[in-house]
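Following: one structure in structure tokens, then a few remarks.
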Amino acid sequence: MNENGRSIVAFTMVSHAIVHTYELSIPILVVIWLSEFSVTTATIGTIVAVGYALFGIGALPSGLLADRYSTKSMVLIGLAGMGASFLLLSAAQGTMTIALALGLWGVFASIHHPASLSLISTGVSESGTGFAYHGMAGNLGIAFGPLVTASLLIVFDWRLVSALLVAPAVLAVAYALTAEFDEMAAVDVDDEDGDGDDRSDGPDSLSGFLADSRALFTLGFTLALAVVLMNGLFYRGTLTFLPDVLGGFLPDISGTIGLFAPDSPMAQEFDLASYLYAGLLTVGIAGQYVGGKLTDRIRVSAGLAAVFSALVVLSVAFIPVAEAGLWPLVAISAVFGFVLFSIQPLYQAAIAVYSPPDGRGLSYGYTYLANFGFGAAGAALAGFLLNATSVGRTFLLLALIPAVGVVIALVLFSVVDAE
């Protein structure tokens with residue numbers, strides 16, 4: 001990879017890690033908000049769902065804008081906006097400000113994926129390697145963002161922690177302002193205007209956008225997008241309140257393991273559930289690697305059916321196993337994290353299989369709209385279920401989501417792939 005490619009990949013990796021650091025720090029903060037503001041899981045779930053929904057809803061217009069404007073500038077705006085959103089969160093005195101801050105975060109975070117993927121595809125000659133490094137950075141943010149947040153919360157108030165989390169965005173923006181690279185180095189440029197940019201203008205009108213969308217939505221792509229939606233609903237539904245759920249089954253061992261004096265403030269702030277949650281997400285890195293390897297060895301639709309089936313079993317078994325003790329809970333959490341993240345490369349490959357090459361950019365927008373936008377309803381759904389029934393029944397009902405995913409994947413396998 002040449003210097004231009006390395007510069008682009010480094011830039012997008014930093015942004016990707018920060019996006020997911022913020023995204024997965026929110027469930028850690030949810031545990032504190034439930035206690036401090038004396039609100040129900042239904043209320044917090046709805047507030048979080050709005051922010052996560054905007055994370056996805058904004059992906060479609062962001063994808064269209066990425067075809068018209070500088071993707072580097074768009075990513076910079078996203079980074080600055082995410083930092084400002086967490087700065088606003090640090091000043092929150094009630095749930096209304098939290099809702100506003102998370103909503104703004106969702107809008108600015110939605111810029112990253114369409115813009116960065118477009119930047120890699122046009123500026124990095126070895127784009128496959130660029131995408132791989134980009135994905136790894138996202139995984140690191142997913143895993144270590146919650147770990148850093150949980151560690152800071154041992155020492156500091158959550159508002160100060162939110163303010164400290166602004167620092168990565170500030171540093172990333174400072175680095176990006178000094179980074180120089182050619183956004184179009186990997187494509188043939190026919191530059192009639194002499195401005196060094198050959199971006200597609202995309203659809204010129206609403207009718208053009210609708211025509212392109214109709215061409216994209218074949219039976220195969222529609223079913224693949226439904227798979228993405230099922231993943232998004234289950235992902236948000238299980239992860240948003242998982243630190244709080246895990247805390248109900250873990251013993252209070254902060255003092256007994258000897259890390260802190262039993263009566264010290266640090267012992268009172270230490271939350272073992274947050275660290276188990278971070279560990280679960282870390283195991284997910286291995287799951288993504290294995291899922292990626294599977295895409296090269298088996299039919300994607302068959303792999304989706306198998307992973308969704310495993311998620312049904314894990315969702316049904318999670319609470320009974322958690323009630324059996326600490327180590328069974330640790331074991332099933334590790335397996336759950338591994339399987340939950342192994343499906344991501346599979347559905348990403350499915351989108352590529354069932355969409356035309358010339359519609360790939362638009363397919364990115366629809367994919368993240370389904371996964372992060374409509375999928376955000378899973379957070380609100382889980383919140384309402386936890387408020388209305390037991391945690392065991394909540395997981396049983398959430399198991400219906402991957403069960404639907406199994407059916408969709410089998411239709412892909414037996415109907416579309418057989419054509």
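So here's what we get for this one:
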{"quantity": "Residue within the range 107-116 that is among the small types (Gly, Ala, Ser), touching a residue at least 24 places away in the same chain (Cβ under 8 Å) and either farther than 22 Å from LEU60 by Cα or not assigned by TED's automatic domain parsing to the domain that holds LEU29 (or both) present", "calculated": "no"}
{"quantity": "Count of residues meeting criterion [assigned to a helix (DSSP H, G or I), of a type in the set (Val, Ile, Thr) and over 18 Å from the mean Cα position of the chain (by Cα)] in the range 38-62", "calculated": "3"}
{"quantity": "Pairs, first within 23 Å of SER118 (Cβ to Cβ) in the range 167-182, second surrounded by fewer than 18 Cβ atoms within 10 Å (Cβ to Cβ) and of a type in the set (A, V, I, L, M), C-beta under 7 Å, six or more apart", "calculated": "ALA169/ALA80; VAL173/ALA80"}
{"quantity": "Residues of the range 248-303 satisfying the condition of being closer than 19 Å to ALA150 by Cβ, at pLDDT 80 or above and of a type outside the set (A, V, I, L, M)", "calculated": "GLY248, PHE249, TYR275, TYR277, GLY279, THR282, GLY284"}
{"quantity": "Residues (in a helix (DSSP H, G or I), among the small types (Gly, Ala, Ser), more than 21 Å from the chain's Cα centre (by Cα) and surrounded by fewer than 16 Cβ atoms within 10 Å (Cβ to Cβ)) located in the range 164-179", "calculated": "ALA174"}
{"quantity": "Residue among ALA350, ALA403 that alone is surrounded by fewer than 20 Cβ atoms within 10 Å (Cβ to Cβ) and within 22 Å of the chain's Cα centre (by Cα)", "calculated": "ALA403"}
{"quantity": "Criterion: touching an Asp or Glu at 6+ places or on another chain (Cβ under 8 Å) and not acidic (Asp, Glu) - qualifying residue of VAL107, VAL173, VAL124, VAL155", "calculated": "VAL155"}
{"quantity": "Scope the range 287-304; condition of a type in the set (A, V, I, L, M, F, W, C), surrounded by 22 or more Cβ atoms within 10 Å (Cβ to Cβ) and more than 20 Å from the chain's Cα centre (by Cα); matching residues", "calculated": "VAL300"}
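The values are calculated or read from the model by the stated rules, or taken from the named source; none is laboratory data. Just so we're clear, the structure is a prediction, and the values are computed from it rather than from any experiment. Positions of Cβ are backbone-derived with ideal geometry, glycine not excepted, and every protein chain shown enters the neighbour counts.
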